[in-house]
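Undergrad: Okay, handing you the structure first.
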Amino acid sequence: MTQAGDQLWVPPKDFRQRTHVAQFMAWLKENRGHDFTDYHALWAWSAESIEDFWASIWDYFDFDKLATRGYDEVLSSREMPGARWFSGARLNYARVVFAGGAGPGTAMYAVGEQSAMRQVSWDEMKSGAMRLAESMRELGIGPGDRVASYLPNVPETMMAFLATASIGAIWSSCSPDFGADSVVDRFAQIEPKLLFATDGYVYGGKTFDRRDSVRDLVEQLPGLAHVVYLPGPAGDGGSLTDRALNWDDLLDRAPVDEADFEFADTDFSDPLWIVYSSGTTGAPKAFVHSHGGAAIEGMKFTRMHLNLGAESCLFFFTTTGWIMWNLLGYGLLAGSSILLVDGNPAAPEPDALWKHAADAGATLVGASPAFLQAQMKLGIVPREKFDLSRVDTMLMSGAPVSPEQTQWCYDNVQQDMWFVSTSGGTDIASGFVGGVPILPCHAGEIQTRCLGVDVHALDDAGRPLIDEVGELVVRNPMPSMPIYFWGDPDFKRYRDAYFDVYPGWWRHGDFLKINKRGGCFILGRSDSTLNRHGIRIGTAEIYRVTDDIDAIADSIIVNLDVPDRGSFMPLFVTMPDGAELTDTVRDTIRQALRSRYSPRHVPDSIIQAPGIPYTLTGKRMEVPLRKILLGAAPEEVSSPDAMQNPDCLAFYSRYRDTQTEYRLPQG
């Protein structure tokens, strides 16, 4: 049986020499006089000498040719929050994407449950984005205006994003599987001027009608001037709303020559997109990332940590409501083609994801560990049914990867390939820790810390730890950190979110362990945010629903990162007046969560409990409960004197010791 830390793959010498990171090291020796003997020495320099490192990335990728004006200073101050990168530089993200490729070569492959695979060339993608951009300008959309999207994972969504970025407007996206409440919680904050929307989506062979949700959304966004309708599977040939413009009508105009197209002359630090936190303590935090920060981080990450290039095809299964959709778009920065899959990755057949990868000739295939675990349980052997000969990299993100899952990929997908596990966040639109193609792969282990990321596992006193679990803390700024939170002009929410525990240092809220060889292990959230298959869900969203259900008295939810299944999310409820929890009540809870928010909000199990643990100040004790369910004794994680009802914790210990739904982590 594969054990944690077992070496499963060593990069061949010729492969190592061809990698972007090896070529970058050679370039640094020739052009900067840095002769790094190994990756760890390179990382240490990049994490400490951040100004020199990012200046070298700018030069190595020739950003002077992509920018309309060069920079005056790499970093004016290391203070967080508020670090200002590449002051004076003028850089538009869409312009950088457009430089990635041209002509008839494929930029995007796309397939859905009910649609055959199609290919969109670089020329077609650019033409669609430019024509749409010109129509948006005629509608009065310009720099700083917010453009919201309620579209599926299809090429038109990527074109709409590039059109938005090209004219200096600010993009924000929610997936159609988000319920109306969840979307309003996000979009109402940013007051969009234009909304792209569809009528529904298909998942697991079922069509979900979202027309009423869109109409409700439009009514609750008073500043909305325009709605653009992209017909989908639930349409009846009519209009989505009385005021909707048709997608095809906006593209029905003369072609625009790229040489004549006017990109907005955006500053490096101008806002590019708005993405959202989970909403744990109320309204989701709206993270704003910059044109330049996303472009330079995306270029670094895709080249150095995914080894992508013009011959690559990047495929990571995602929806448009997850930051991995934005990172999928990063592939275009590297000149790679990308594969967009909409719907259920296991429909119409359980091995559909592998078929899509084979049909597109994907070189990198990515998904969540939970998906991988499901494939393992079904006994699927992709390499026996599909031609996956072009796959040279597997990418896992969203939860810890077990040693068995790593081994399964080598046994069932490709024996000679690079296995990448990464962990980062919506907050930074990238990874803190991840892969590098010049290092060996070890079972159940993230290879290393990412370049330019001064990340450590720290104890409570701020001291770095090795082979011990600590808080994941970043001690120096990154270009892709949020430039600010929307609606937070004095950085108060920003500081409270990340800088209240280690002043001046970014505390992410994950537990991290780094071993002596530099391998990394993410051991779950150190706060109460639910990390559901890589998407953070706020407990407040769950309680908004359960608190409205009269059949239950109270509830508490946690998410456990556990071996084999990756994620196990139980909901504990108390019942009123001695009532018993029935399957009917369970179905009511599941349906309410699914309809108001999304399928990811639905718990794996709903269990009746005698009481819900609360602090004396009336706060649910999610973090201590999670620790108990993962093996801790109640007295180790909570003080009875600080609780309203300490006796109820004994139930949760008994549940942990007698349940059969998940396996406790070992060691």
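Undergrad: Divide the volume of the convex hull of the Cα atoms of segment 265-323 by its number of residues and quote the answer in cubic angstrom per residue. Intermediate results must be reported in sequence, preceding the final value.
TA: Numbers: hull volume 7.3 nm³, N = 59.
Enclosed volume per residue, from the Cα hull, is 124 Å³.
Undergrad: When the Cα centres of segment 115-156 and segment 218-287 are compared, how far apart do they sit, in Å?
TA: Measuring centre to centre over Cα atoms gives 8 Å.
Undergrad: Filter the GluC sites (Glu not before Pro) in segment 41-103 down to the DSSP loop ones having no more than 15 other Cβ atoms within 10 Å, then list what survives. Write out the running numbers ahead of the final one.
TA: Values: sites: GLU48, GLU51, GLU73, GLU79; in loops: GLU79.
Here the sparse-neighbourhood loop sites are GLU79.
Undergrad: Another question, then. Quote the FRET efficiency, to the nearest 0.05, computed for ASP236 versus LYS377 with a Förster distance R0 of 35 Å and r equal to the Cβ-Cβ distance. All intermediate terms of the calculation are to be shown ahead of the outcome.
TA: Details: r = 39 Å, r/R0 = 1.13.
Rounded to the nearest 0.05, the efficiency is 0.35.
Undergrad: Output wanted: per-residue J couplings in Hz (rounded whole) for segment 627-637, from phi through Karplus 6.51 cos²θ - 1.76 cosθ + 1.60, θ = phi - 60°, x for Gly and Pro.
TA: With the stated coefficients, segment 627-637 comes to 5, 5, 5, 9, x, 6, 7, x, 5, 7, 10 Hz.
Undergrad: Taking the Cα centre of each part, how many Å lie between segment 409-471 and segment 571-601?
TA: After rounding, the separation between the Cα centres reads 36 Å.
Undergrad: Over the chain, calculate the relative contact order: mean separation of alpha carbon pairs under 8 Å at least 6 apart, over the residue count, as a percent. Display every interim value, and only then the final one.
TA: Details: 1439 pairs, mean separation 90.6, N = 667.
14 percent.
Undergrad: Using the structure shown, select from LYS126/LYS206; LYS492/LYS513; LYS13/LYS516 the pairs with a Cα to Cα distance greater than 27 angstrom. Walk me through the numbers on the way to the answer.
TA: Values: LYS126/LYS206 33 Å; LYS492/LYS513 30 Å; LYS13/LYS516 24 Å.
Cα-Cα > 27 Å for LYS126/LYS206; LYS492/LYS513; rest within.
Undergrad: Return the distance in nm (one decimal) between the two label points of a simple spin-label model at PHE651 and ALA259, each offset 7 Å from Cα along Cα→Cβ.
TA: It is 7.4 nm.
Undergrad: Continuing with the same structure: Go ahead and estimate [θ] at 222 nm for the chain from helices alone: -39,500 (n - 2.57) per DSSP H run with n ≥ 4, summed, over the residue count, rounded to 500. Before the final figure, lay out the partial values.
TA: Details: 23 runs with 208 residues, N = 667.
Taken over the chain, the calculation gives -9000 deg cm²/dmol.
Undergrad: Quickly work out the LEU664-to-ASP459 label distance, labels modelled 7 Å from Cα along the C-beta direction, and quote it in nm with one decimal.
TA: About 2.6 nm separates the two model spin labels.
Undergrad: Charges at C-beta only: +1 for Lys and Arg, -1 for Asp and Glu. How large is the resulting dipole of the chain about its Cα centre, in Debye rounded to 20? Display every interim value, and only then the final one.
TA: Numbers: 59 positive and 87 negative charges, 141 e Å.
That gives a dipole near 680 debye.
Undergrad: If you don't mind, there's one more thing I want to ask. Can you give me the long-range amide H partners of MET569? Hydrogens built in the peptide plane at 1.01 Å from N, cutoff under 5 Å, separation of 5 or more residues or another chain.
TA: LEU560, ASP604, SER605
Undergrad: Go through segment 243-311 and name the trypsin sites (Lys or Arg not before Pro) that are in a DSSP coil and have 14 or fewer other Cβ atoms within 10 Å of their Cβ.
TA: Sites meeting the loop and neighbour criteria: ARG243, ARG253.
Undergrad: Here's something else I'd like to know. Any idea what % of Cα-Cα pairs in segment 538-658 are farther than 22 Å? Numbers along the way, then the final one.
TA: On the way: 2417 of 7260 pairs.
For segment 538-658, the share of Cα pairs beyond 22 Å comes to 33 percent.
Undergrad: Would you compute the Debye intensity of segment 195-260 from its alpha-carbon atoms alone, equal scatterers and no solvent, and pass along log10 I(q)/I(0) at q = 0.12, 0.17, 0.20 Å⁻¹ to two decimals?
TA: Results for segment 195-260 at q = 0.12, 0.17, 0.20 Å⁻¹ read -0.38, -0.66, -0.81.
Undergrad: Shifting gears a bit: Restrict the search to segment 22-82; then list the trypsin sites (Lys or Arg not before Pro) that DSSP places in a loop and that have at most 16 other Cβ atoms within 10 Å of their Cβ.
TA: On the way: sites: LYS29, ARG32, LYS65, ARG69, ARG78; in loops: ARG78.
Sparse-neighbourhood loop trypsin sites (Lys or Arg not before Pro): ARG78.
Undergrad: Using the Cβ atoms and a cut-off under 11 Å, what net charge is assigned to the surroundings of GLY200, where Lys and Arg are +1 and Asp and Glu are -1? Before the final figure, lay out the partial values.
TA: Working: positive: LYS206, ARG210, ARG211; negative: ASP177, ASP199, ASP209, ASP212, ASP236.
Net local charge, GLY200 excluded: -2.
Undergrad: Can you list the aspartates and glutamates whose alpha carbon is less than 17 Å from that of LYS193, not counting same-chain residues fewer than 8 positions off?
TA: Here the aspartates and glutamates satisfying the reach criterion relative to LYS193 are GLU134, GLU138, ASP145, ASP185, ASP216, GLU219, ASP242.
Undergrad: From the backbone phi of segment 194-211, what are the Karplus-calculated ³J(HN,Hα) couplings (6.51 cos²θ - 1.76 cosθ + 1.60, θ = phi - 60°) in whole Hz, Gly and Pro given as x?
TA: 9, 10, 8, 8, 10, 9, x, 8, 10, 8, x, x, 10, 9, 10, 7, 10, 4
Undergrad: Where nothing but the Cβ of Lys and Arg (+1) and of Asp and Glu (-1) is charged, how large is the charge dipole of segment 106-260 around its Cα centre, in debye to the nearest 20?
TA: On the way: 13 positive and 24 negative charges, 42 e Å.
Value, rounded to 20: 200 debye.
Undergrad: Provide, in order from the shortest bin, the percent of all Cα-Cα pairs of the chain in each 10 Å bin, continuing until the bin that contains the maximum pair distance.
TA: Final binned percentages: 3, 15, 27, 28, 19, 7, 1, 0.
Undergrad: Taking 8 Å as the Cα distance limit and 6 or more residues as the minimum spacing, I'd like the relative contact order of segment 1-160 as a percentage.
TA: On the way: 121 pairs, mean separation 16.9, N = 160.
In percent, rounded to a whole number, it is 11.
Undergrad: Could you line up SER87, SER402, SER56 from fewest to most neighbouring Cβ atoms inside 10 Å? Let's see the in-between values first.
TA: Details: SER87 14, SER402 24, SER56 21.
Ranking SER87, SER402, SER56 by Cβ neighbours within 10 Å, fewest first, gives SER87, SER56, SER402.
Undergrad: Counting pairs of alpha carbon atoms under 8 Å apart in space and at least six apart in sequence, what relative contact order in percent does segment 538-658 give?
TA: Details: 168 pairs, mean separation 27.0, N = 121.
It comes to 22 percent, rounded to a whole number.
Undergrad: Out of all DSSP beta bridges in segment 106-260, what portion is antiparallel? Express it as a percent rounded to 5.
TA: Values: 9 of 24 bridges.
Rounded to the nearest five, the antiparallel share is 40 percent.
Undergrad: Please list, in order along segment 331-338, the HN-Hα scalar couplings obtained from phi with the Karplus expression 6.51 cos²θ - 1.76 cosθ + 1.60 (θ = phi - 60°), rounded to whole Hz, x for Gly and Pro.
TA: Residue by residue, segment 331-338 yields x, 5, 4, 7, x, 7, 7, 10 Hz.
Since every read-out is calculated from the coordinates, none of them should be taken as a lab result. All values derive from a computational prediction rather than experimental measurement. With ideal geometry, Cβ positions are generated from the backbone for all residues, glycine too; neighbour counts draw on all protein chains shown.
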